[in-house]
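Colleague: Below are the structure tokens for one structure; questions will follow.
Taken together, the values in this text are just the output of simple stated rules run on the coordinates, not laboratory data. What you see is a predicted model; the values in this text were computed from it and never measured. Positions of Cβ are generated from backbone atoms using ideal geometry, with glycine treated the same way; all protein chains shown enter the neighbour counts.
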Protein chains: 2
Amino acid sequence: MEKPQNGEEKEETTASFCGYDSLHRLLKDNLNPHHFQEVSRLLTGLNCGKALEAVSLPESATSLSAEHGFDIQAFSFCADKELLREPRIVRVGLIQNSIVLPTTAHFADQKKAIFEKLKPIIEAAGSSGVNVLCLQEAWMMPFAFCTREKRWCEFAEPVDGESTKFLQSFALKYNMVIVSPILERDINHGEVIWNTAVVIGNHGNIIGKHRKNHIPRVGDFNESTYYMEGNTGHPVFETAFGKIAINICYGRHHPLNWLAFGLNGAEIVFNPSATVGELSEPMWPIEARNAAIANSYFVASINRVGTETFPNQFTSGDGKPAHADFGHFYGSSYVSAPDASCTPSLSRNRDGLLVTDMDLNLCRQVKDKWGFRMTSRYELYADTLARYVKPDFEPQVTSDPLLHRKSL
Amino acid sequence: MEKPQNGEEKEETTASFCGYDSLHRLLKDNLNPHHFQEVSRLLTGLNCGKALEAVSLPESATSLSAEHGFDIQAFSFCADKELLREPRIVRVGLIQNSIVLPTTAHFADQKKAIFEKLKPIIEAAGSSGVNVLCLQEAWMMPFAFCTREKRWCEFAEPVDGESTKFLQSFALKYNMVIVSPILERDINHGEVIWNTAVVIGNHGNIIGKHRKNHIPRVGDFNESTYYMEGNTGHPVFETAFGKIAINICYGRHHPLNWLAFGLNGAEIVFNPSATVGELSEPMWPIEARNAAIANSYFVASINRVGTETFPNQFTSGDGKPAHADFGHFYGSSYVSAPDASCTPSLSRNRDGLLVTDMDLNLCRQVKDKWGFRMTSRYELYADTLARYVKPDFEPQVTSDPLLHRKSL
């Protein structure tokens, strides 16, 4: 049994990017400015013909970053001016973080230590004027579902539990909507467990909740013994700062999940995640950007950071040796815009706060320009899916009648 | 009126990548090998823990490339060995090309010149042992739909017209399936026009056709006055070398279109396109890869190359000056795999042939590993879409009850 080593990240999992903590920084430091500009044009898109603008944050925020050692970055997307609507600029904050104490510590202490670590990062967001803040998936606990042990369910809380209360005070203090992804204990329905995002309004009130729609069964990501597919549909929450929705973690692999939030009118979809390098890192820059493009909304992607080591070893059922950690959560939180542009990513190794200004008017502007919603032929696909879900569905296949004829 | 200038590409549209003709080549020449490897890991994914393998092509192919000045590149994806199935390795070829004669030349001469230009590239594919070859969208003509002039419809042909006949001889000679995207004249239905891909079997027979499902109405990409949304559904063609489908151009922006080809069992989906830099280049590396990931199949993306200038100026209805060209078609054809890896792209300036070996067994392997099909909850979305298409659909929105309360 390995000794828990939280906080000490393993060399082999974090050495990527050759000592740089983001792809963006590696490229910026090693390409000449002209080359870097061209590469950025393709990798992060262009908006209104110019690069994303970096935004200055108040000293109150940057000093917290320096003092507590978290990455802080801020950017602004632009949109066209309209004649009949004022700009609807929303400042969005994303927080990624590692856990604090070893997973062998008392559960109450582990949770409290995460609260304490998050305070200055949330303060930095609040003092930066963030309007809507989102934390990572199951932020109030280690991501222990890889262990398949049920004792970690003790971390679960009702929607109005201590984690929500902790965040409500900040929501009220900073007039800030906060999306809080937790492990939920549903007291009113037999104490079952859900993977849930609680939406806290800018007055500190609870607006509602959404439960993760798609549950992975992938190696150590087999979470299906902890919670079931969500029963909350695809709610869009109309907040003081725009219409938001939450696509939790594995749901980002499902284009229909992204689509349904779009059909319900989302302007920003958060994707709080917990995912590790070897498995998903090449997918990370793709899926959220595609969702933003296809659905004409902003996507804010958050991934936790660090390696979490558990007291008892477990296997992935893949023939490989038992192990005590899940791999390296690579952070790299970022925001994608409907016009195919995106921000650079936060660090893949450190805690971080990403602040992004976005004019929500861009969503409709892109809809009008590209017309994806209008040209989507939903009737055709409603019919296709209705036929597909029947057990006797026959795929539309045209076989070459000469399929089995030998070539001359 | 500008003088047509086909063949002379305009400086401002092709100068991207600082003289390099692909992102991959710029990065390879300007980063040290260790940095390049790390950047490639994220940008093109890894398969089986190692990089894509470059493949050697026969001298008969490379000498044609040298003689006729087209880019030629070849790669191989890998898959796991299985116990009960042999590998099903298919060699796929993609051709991108510019037109040859000025658009003012006689239409018959323009088409003939394209045939002549393509011959050595198709010969290179055939002599490389390509099993399935796909050409670019409307390959037998300039992409004249930006002009809104109807005389270009003269290029249209029935499914068994001269372009098909031209390719049938190569299909037979090289035992090669060929996907031929043309402008179709539907003689049997009132001579209407379609944007169609003809699938030619490896015995030179016509297996079937598919008509473009989603028609753009985007600036100069307004093709909706030439042809309507396709009426052929989402056919998958069972050929001697796997189950293939064709998602023509603008259909790549529609996740449901990709999905339906997957539901019908496609293992390779071709995306023959004609798209220009300013509008879509940041989307190009995203959408096809996302489709490959989400649907557990290979995607082969082709874009034409060069700038095509027309005799009469036209506008995009965007307040900008009238112009005689559509912009620079940036080539950059590439292949995406279901495990999130992809090949480097062909040149953004030159004609090219991309040859890729793929073991189709990878599709099911990824399905079993990631389980996207299994966890997709299609019943939920069949219901969502059935409700959405009704005129009285009400989105699922939860409004903050304190939405209009002033902050303290």
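Colleague: Less than 28 Å apart at the alpha-carbon level, and either on another chain or at least 8 residues along: which lysines does that give for residue B:369?
Modeller: Result set, ordered by chain and number: A:10, A:150, A:212, A:320, A:390, B:50, B:81, B:243.
Colleague: Still on this structure: Give me, ordered by chain and number, the residues 5 or more places off residue A:270 or on other chains with an amide H under 5 Å from its own placed amide H.
Modeller: A:245, A:246, A:247, A:300
Colleague: Same structure, new question: Given the options B:295, B:213, B:222, which has the most mean-square fluctuation in a GNM of chain B, springs set between C-alpha atoms less than 10 angstrom apart?
Modeller: Evaluated over chain B, the most mobile residue of the options is B:222.
Colleague: I would also like to ask the following. Put the label 7 Å from Cα along Cα→Cβ for residue B:25; what are its distances to the other copies, in nanometres, shortest first?
Modeller: 3.2
Colleague: When a/c reaches 1.5 or more, the comparison of a/b and b/c decides; with that in mind, is region A:298-385 rounded, prolate or oblate per its Cα gyration tensor?
Modeller: Values: a/c = 4.82, a/b = 1.65, b/c = 2.93.
Because a/c hits 1.5 or more and a/b fails to exceed b/c, region A:298-385 counts as oblate.
Colleague: Taking chain A as a Gaussian network, where each spring joins two C-alpha atoms under 10 Å apart, which residue of A:287, A:162, A:123 fluctuates the most?
Modeller: A:162
Colleague: How would you classify region A:11-381 from its alpha-carbon gyration tensor, with a ≥ b ≥ c the square roots of the eigenvalues: rounded for a/c under 1.5, else prolate if a/b is greater than b/c, otherwise oblate?
Modeller: On the way: a/c = 1.38, a/b = 1.25, b/c = 1.11.
Because its axes are fairly even, with a/c under 1.5, region A:11-381 counts as rounded.
Colleague: Sticking with this structure for a sec: Residue A:165: which aspartates and glutamates have alpha carbons under 15 Å from its alpha carbon, excluding same-chain residues fewer than 8 sequence positions away?
Modeller: Once the sequence-local aspartates and glutamates are set aside, what remains near residue A:165 is A:116, A:157, A:184.
Colleague: If you don't mind, another one. Extension gain residue B:318-residue B:85, at 0.36 nm per residue separation less the Cα-Cα distance, in nm?
Modeller: Values: separation 233, 0.36 × 233 = 83.88 nm, distance 5.51 nm.
Net length gain for the segment: 78.4 nm.
Colleague: Could you list which residues have their amide H under 5 Å from that of residue B:88, counting only those 5 or more apart in sequence or on another chain, with H placed in the peptide plane?
Modeller: Placed amide hydrogens put B:360, B:361 under 5 Å from residue B:88.
Colleague: Could I ask something else about it? State the Cα centre-to-centre distance between region A:38-106 and region B:69-99 in whole Å.
Modeller: For region A:38-106 versus region B:69-99, the Cα centre distance is 40 Å.
Colleague: Read phi for every residue in region A:343-355 and hand back ³J(HN,Hα) as whole Hz from Karplus 6.51 cos²θ - 1.76 cosθ + 1.60, θ = phi - 60°, with x for Gly and Pro.
Modeller: Per residue, the Karplus-derived 3J(HN,Hα) values read 7, x, 8, 5, 3, 8, 10, 10, 4, x, 10, 10, 10 Hz.
Colleague: So what J values fall out for region A:265-273 if you push phi through Karplus, 6.51 cos²θ - 1.76 cosθ + 1.60 with θ = phi - 60°, rounded to Hz, Gly and Pro as x?
Modeller: So the Karplus estimates, Gly and Pro as x, are x, 4, 10, 10, 10, 8, 10, x, 9 Hz.
Colleague: Given charges of +1 on the Cβ of Lys and Arg and -1 on the Cβ of Asp and Glu, with all other atoms neutral, how large is the dipole of region A:11-381 about its Cα centre, in debye to the nearest 20?
Modeller: On the way: 34 positive and 41 negative charges, 146 e Å.
The calculation lands at about 700 debye.
Colleague: If you don't mind, there's one more thing I want to ask. Would you pull out the residues with amide H under 5 Å of residue A:306's amide H, same chain only if 5 or more places away, H placed 1.01 Å from N?
Modeller: A:329, A:331
Colleague: Can you pull the mean other chain C-beta count within 10 Å for peptide A:260-267?
Modeller: Details: counts 7, 2, 1, 8, 8, 3, 2, 0.
For peptide A:260-267, the averaged partner shielding equals 4.
Colleague: Using θ = phi - 60° and the Karplus curve 6.51 cos²θ - 1.76 cosθ + 1.60, what whole-Hz ³J(HN,Hα) does each residue of region B:37-44 get, with Gly and Pro shown as x?
Modeller: For region B:37-44, the Karplus-derived couplings read 4, 5, 5, 5, 4, 7, 7, 10 Hz, x marking Gly and Pro.
Colleague: Now for a different question. Which whole number gives the average count of other chain Cβ atoms within 10 Å of the Cβ atoms across peptide B:389-397? Before the final figure, lay out each step's value.
Modeller: Numbers: counts 7, 1, 0, 0, 2, 1, 12, 11, 9.
Per-residue shielding by partner chains comes out at 5.
Colleague: I need the peptides B:330-340, A:224-234, B:29-39 ranked by packing, meaning the mean over residues of other C-beta atoms within 10 angstrom, with the highest value on top.
Modeller: On the way: B:330-340: 27.6, A:224-234: 17.2, B:29-39: 14.9.
Descending mean neighbour count gives B:330-340, A:224-234, B:29-39.
Colleague: Only Cα pairs under 8 Å and at least 6 apart count here; give the relative contact order of region A:11-381 as a rounded whole percent. It would help to have the intermediate numbers written out before the result.
Modeller: Working: 798 pairs, mean separation 79.4, N = 371.
After rounding, I find 21 percent.
Colleague: What's the exposure ranking of A:363, B:18, going from fewest to most Cβ atoms within 10 Å? Kindly include the intermediate steps, with their values, before the conclusion.
Modeller: Working: A:363 27, B:18 14.
Going from sparsest to densest Cβ surroundings: B:18, A:363.
Colleague: Moving on to the next point. Sort A:163-173, B:82-92, A:182-192 by the packing proxy (mean of other Cβ within 10 Å over each peptide's residues), most packed first. Provide the component values of the computation, followed by the final result.
Modeller: Working: A:163-173: 18.7, B:82-92: 14.1, A:182-192: 15.9.
So the peptides A:163-173, B:82-92, A:182-192, ranked by packing, come out A:163-173, A:182-192, B:82-92.
Colleague: Another question, if that's okay. Positive end of the dipole of region A:11-381, charges at C-beta (+1 Lys, Arg; -1 Asp, Glu), about the Cα centre: which of A:286, A:129, A:358 has its Cα farthest in that direction?
Modeller: Value computed over the given set: A:358.
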